[in-house]
Amino acid sequence: DKRDPIRAAAQVVAAYQEIFPLNESEIDALYSLTLTRLGFSVLIAAKQTRAAPGNEYLNISNAAVWSLLEKLREVPFDWPTRAIRFAAGIPVVNYQSSTRRPATELLAHRERSLGPSLSVSYESPLHIVAGSRQFLFDALGRRYLDCVNNVAHVGHSHPYVVRAASEQMARLNTNTRYLHELLTEYSERLIATLPEPLQVVYFVNSGSEANELALRIARAHRHRTDVIVIDCAYHGNTSAMIDISPYKFDGPGGRGCPMCVHKASLPDIYRGQYRENDAGARYAQSVADAVQRAEQNGGVAAFFCESAVSCGGQIILPDDYLRQAYAAVRAAGGICVADEVQTGFGRGGSHFWMFETQGVVPDIVTLGKPIGNGHPIGAVVTTREIADSFANGMEYFNTFGGNPVSCAVGLAVLETIKEEELQQNAHHVGAYLKERLTELKSTHPLIGDVRGLGLFIGIEFVRDRETLEPAGREAAVVVERMKERGVLLSTDGPFHNVIKIKPPLPFSRRDADEVVSKLDMVLEDFRN
Ligand code: PMP
């Protein structure tokens, strides 16, 4: 009786896989067997009813089975197997048949043809050719548990997202200068996930573009230029975003902090200046100090802050931090921008948006990465008042932003998060993983800190738990060795000593156990 029996069946398969995995042939036989079983059910009932016409019990499941069979008649025959293959974490389409070029050749071509400022992960780069759920597959058919890709939010190549994109692509793809149901429906559905005052949306194509537009809107609204940012923060790759990203302007090749940008301390309660219960208030004071510096320069236009600082090393904001920081910014007439590019859409587990864990409502929220599960979408959501003042005569047009394909994809992502209870999964599995990683701390001195919310987790490595000397080299070695064991991780933070865990949300307890047991083995080599 489920509205979508295939999605329901796929969830049963996913749960089954956790305890007693089926093999690929079994997975592929499942749908035919299911139909056969349903067929038998009605046939047996019919035969027995003929023998005992008065026995109603014989027909107890008949109506439900018939209605299911009728529903399934409308479903293309290969579709359920796609959904079931995905649920089982195996690639939906065959990926082993196509001829491939060797990795060394691909690398050489890449170095010849692509800009050299683009890096590639791992000492010996991976040649990834397929993905399913929280797994990636290389050209040799080896499977990796992906603990890094927060873009493939509902899972790599999720069949519902793929279907939404390809069906809409086949039908129509234009721009937002025409009326379209999907644009209206998606805007409404997205806005409904946000608190009341945030009710106007602009669609763009990336997180960088979203932040870029947020900056323009804030500056236009306040007629000011200055921006306050968190030390080590990253907000995007455009010129203006590099200028407000200490992660870049203070790093290699960077040109330092521009005059109109004011840095506030990274609110890190493990390594930072303040580590006590009142750290939230103290770090918020650093924002208030930046507000003062901006005042001397014409005043603050905007305060940009991620709702948990990712590139800064998976920093969870201390209690009351954003509330007090926002108050200081707003008292000086500034706009508060929450960058939810990495943290949004239920990753935090307890809330759909990470800013909600701080009990605040931003003036502008920027969205990216998970919003399209890999399809390039970004969005800016703001209040009616701010949006109206941005409409100052200059049109804002974006060729691709908000096109029907993107809207179809965005809707499929929102629906999947809800239907597959992925926020709840992030909450439970994230708490379990954090607990198990914290246990590892007692046997492995390299682990200085384990922190996180939901499936947004950081493990900070130190050489000495007193001096907190960062163990960046060790973190890099651990990432390489985990990769050899089939687990993909990455590092970040100002000292590159924080292991980031931010997997696709279907990540399971079984996966958490795999990460912990392999990390336990790898860390054995680092015990003094
Ligand atoms: N904001 C944050 C917090 C990010 O982490 C990123 C990307 N790493 C961006 C913005 C920019 O997003 P994109 O790369 O999609 O332009």
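Computed over the stretch 16-94, the alpha-carbon pair-distance distribution with 5 angstrom bins reads 3, 13, 20, 17, 15, 13, 9, 6, 3, 1, 0, each value a whole percent. For the stretch 197-287, the fraction of 1.4 Å probe accessible surface lying on carbon and sulfur atoms is 46 percent. Each principal axis of the Cα cloud of the stretch 384-521 was taken in turn, and the coordinate range along them, longest first, works out to 60, 35, 28 Å. For the stretch 55-104, the square roots of the Cα gyration tensor eigenvalues, ordered a ≥ b ≥ c, give a/c of at least 1.5 with a/b greater than b/c, which places it in the prolate category. What FRET efficiency do you get for GLU56 and GLU419 if R0 is 45 Å and r is their Cβ-Cβ distance, rounded to the nearest 0.05? For R0 = 45 Å, the calculated efficiency reads 0.85.
Report the extension gain between THR238 and ALA8 in nm, rounded to one decimal, defined as 0.36 nm multiplied by the number of residues separating them, less their alpha carbon distance.
Details: separation 230, 0.36 × 230 = 82.80 nm, distance 4.24 nm.
Contour length minus the Cα-Cα distance gives 78.6 nm.
If exposed GluC sites (Glu not before Pro) are those in a DSSP loop with at most 13 other Cβ within 10 Å, what is the longest stretch of the chain that has none?
Numbers: sites that count: GLU74, GLU123, GLU276, GLU395, GLU466.
Formally, the longest exposed-site-free interval is 124-275.
As a length-normalised measure over Cα pairs under 8 Å and 6 or more apart, the relative contact order of the stretch 325-461 settles at 24 percent.
According to the square roots a ≥ b ≥ c of the eigenvalues of the Cα gyration tensor, what is the shape class of the stretch 404-482, taking rounded for a/c under 1.5, prolate for a/b larger than b/c otherwise, and oblate for the remainder?
Working: a/c = 3.65, a/b = 2.24, b/c = 1.63.
Verdict is prolate for the stretch 404-482.
Just round it to a whole percent: the fraction of Cα-Cα distances in the stretch 185-285 exceeding 21 Å. Of all Cα-Cα pairs in the stretch 185-285, 51 percent lie more than 21 Å apart. Taking HIS262, HIS375, HIS223 and ordering them by how much accessible surface each has at a 1.4 Å probe, largest first, produces HIS223, HIS375, HIS262.
Across the options PRO116, LEU126, VAL93, the greatest Cα extent toward the positive end of the charge dipole of the stretch 16-173 (unit charges at beta carbon of Lys, Arg, Asp, Glu) belongs to VAL93.
Using +1 at the C-beta of Lys and Arg and -1 at the C-beta of Asp and Glu, which of ILE386, ILE228, LEU266 has the Cα lying farthest in the positive direction of the dipole of the chain? About the Cα centre, the residue reaching furthest to the positive side is ILE386.
Taking trypsin sites (Lys or Arg not before Pro) that fall in a DSSP loop and have at most 16 other Cβ atoms within 10 Å as cut points, what is the longest piece of the chain between them?
Working: sites that count: LYS2, ARG3, ARG100, ARG142, ARG177, ARG255, ARG275, ARG465, ARG485, ARG527.
For trypsin sites (Lys or Arg not before Pro) (loop position, at most 16 other Cβ atoms within 10 Å), the longest site-free span of the chain is 276-464.
For the stretch 281-305 versus the stretch 368-443, the spacing of their alpha-carbon centroids is 28 Å.
Considering all alpha-carbon pairs of the stretch 110-203, what whole percent are spaced by more than 23 angstrom?
Values: 2329 of 4371 pairs.
Across the stretch 110-203, Cα pairs with separations above 23 Å total 53 percent.
What ratio of Cα Rg to 2.2 N^0.38 Å holds for the stretch 285-351?
Numbers: Rg = 13.0 Å, N = 67, 2.2 N^0.38 = 10.9 Å.
With N residues counted in the stretch 285-351, Rg over 2.2 N^0.38 Å equals 1.19.
Here each label is just a point 7 Å from Cα along the line to Cβ, and for ARG189 and ASP78 those points are 2.5 nm apart.
Annotation: per residue accessible area for the chain equals 47 Å², rounded to a whole number [probe 1.4 Å, protein chains only]. The angle separating the long axis of helix 404-419 from the principal Cα axis of greatest extent in the chain is about 80 degrees. Would you work out if the stretch 56-215 is rounded, prolate or oblate? Take a ≥ b ≥ c from the square roots of the eigenvalues of the alpha-carbon gyration tensor; rounded if a/c is under 1.5, else prolate when a/b is larger than b/c, oblate otherwise. Cα axes put the stretch 56-215 in the oblate bin. The charge dipole of the stretch 440-499, taken about its Cα centre with unit charges on the Cβ of Lys, Arg, Asp and Glu (plus for the first two, minus for the last two), comes to roughly 200 debye. For the stretch 37-137, taking the reciprocal of the average inverse distance between every pair of different Cα atoms yields a Kirkwood hydrodynamic radius of 18.8 Å.
Of the solvent-accessible surface of the stretch 382-513, computed with a 1.4 Å probe and all protein chains present, 49% belongs to carbon and sulfur. Shape summary: the stretch 242-334 maps onto an equivalent ellipsoid whose semi-axes, from the alpha-carbon gyration tensor, are 20, 19, 10 Å in decreasing order.
Please state, rounded to one decimal and in Å, the Kirkwood hydrodynamic radius that the stretch 312-370 gives when every pair of distinct Cα atoms enters the mean of 1/r. Evaluated on the stretch 312-370, it is 12.1 Å. Relative to its Kirkwood radius, the Cα radius of gyration of the stretch 349-432 gives an Rg/Rh of 1.04. Annotation note: chymotrypsin sites (Phe, Trp or Tyr not before Pro) in the stretch 1-89 located in DSSP loop regions with a Cβ neighbour count of at most 15 within 10 Å are PHE77.
Quick one: length gained pulling ASN392 to SER32 fully straight, 0.36 nm per residue minus the C-alpha distance? Intermediate results must be reported in sequence, preceding the final value.
Working: separation 360, 0.36 × 360 = 129.60 nm, distance 5.99 nm.
This chain segment gains 123.6 nm when fully extended.
Can you send over the carbon and sulfur percentage of the accessible area for the stretch 111-180, probe radius 1.4 Å, protein chains only? Summing carbon and sulfur atoms, their accessible area is 53 percent of the total for the stretch 111-180. The chymotrypsin sites (Phe, Trp or Tyr not before Pro) found in the stretch 381-426 that occupy coil by DSSP, while having at most 15 further C-beta atoms within 10 Å, are TYR396, PHE397. If you model the chain as an ellipsoid using its alpha carbon gyration tensor, with each semi-axis the square root of five times an eigenvalue, the axes come out at 43, 30, 23 Å, biggest first.
Report the extension gain between ASP289 and TYR432 in nm, rounded to one decimal, defined as 0.36 nm multiplied by the number of residues separating them, less their alpha carbon distance.
Values: separation 143, 0.36 × 143 = 51.48 nm, distance 3.85 nm.
Gain in length upon complete extension: 47.6 nm.
The values are calculated or read from the model by the stated rules, or taken from the named source; none is laboratory data. The model shown is predicted, which means the values in this text are computed figures rather than measured ones. No Cβ is skipped: glycine too gets one built from the backbone with ideal geometry, and neighbour counts run over all protein chains shown. Just so you know, the surface numbers come from the protein's heavy atoms only, side chains and all, with ligands and any DNA or RNA stripped out. Shrake-Rupley method; radii C 1.70, N 1.55, O 1.52, S 1.80 Å.
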